[in-house]
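Rule-based calculations on the coordinates, nothing more; no lab input. Computed from a prediction, not measured in an experiment: that's the story for all the values here. Cβ placement follows ideal geometry from the backbone for every residue including glycine, while neighbour counts extend to all protein chains displayed.
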Amino acid sequence: MSRSIGDTLREGRLHQHLSLAECAKRTHISLRYLEALEEERWNDMPSESHRVGFLRLYARFLGVYSEEMIHLYRQAQLQAAPVIKPREIQKPARFQPGTRVTAQRLGLGVIFALVSIWGIYHAVRRYYPDRPMDLSWLRIRPRTLRLVAPRRELQVQRIRAKAEADSWVRVTDNHQMVFEGILPAGAVKEWSGPGPFRIKIGNITAVSIVWNDQPVDIKAAARGHVAELKLPPTAE
């Protein structure tokens, strides 16, 4: 019988004679998240990406085969996922008799109006056979409507991230994922696109962000050790 994820992480830590506090200090992962990893309390973490990112970083730090831990985690999540039953297809409502009567009345009204106009026209022509009739009001003059959309210049946004220590980072450009994973110490990553960019950082003390050659204050958007940025700030 294979060991669980939590038992493997705990044995790897105890094998190196490390405490949870020491691991939290060296990995820059919050102590309560490390406890949740070893006890497999996945719901205590903010999101799915935090679970995978913290698990990979912690397993790599302990040297207990991080990719195998990720594989075991995904298998456990698939087994715990609820079975969704297909919804019953609702039959379209039958045609209501009242709608048919309304359509018939509308058709009879149009026919009556046309017959009345035809009768009035011939009555006028009978009494005034030589008088020309001005029917220009019946002419439909088409008008061309030109819709000119305002030109919008797209400004390319440039993002650069530099890691002083290993940290989990996720970057999306215009709601499209462009990067998610561990940014190793000393690495520099650059992205460019129309934006808006959303950047989530697992360790705010280990990563610096530069947007359009301007440094960004990550701590202003931090909640604990995690920060979520939106660049440009006013973009929808």
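What to note about this one:
- Inter-probe distance in nm under a simple model that places probes 7 Å from Cα toward Cβ, at residue 14 and residue 177: 3.5 nm
- Taking the fewest neighbouring Cβ atoms within 10 Å as the starting point, the ordered list for 114, 57, 31 is 114, 31, 57.
- By the equivalent-ellipsoid construction on the alpha carbon gyration tensor, segment 156-236 comes out with semi-axes of 18, 14, 12 Å, ordered largest to smallest.
- As a proxy for reagent exposure, 30, 116 were ordered by neighbouring Cβ count within 10 angstrom, fewest first; the result is 116, 30.
- Part-to-part distance (alpha-carbon centres) for segment 2-41 and segment 159-205, which is given in Å: 25 Å
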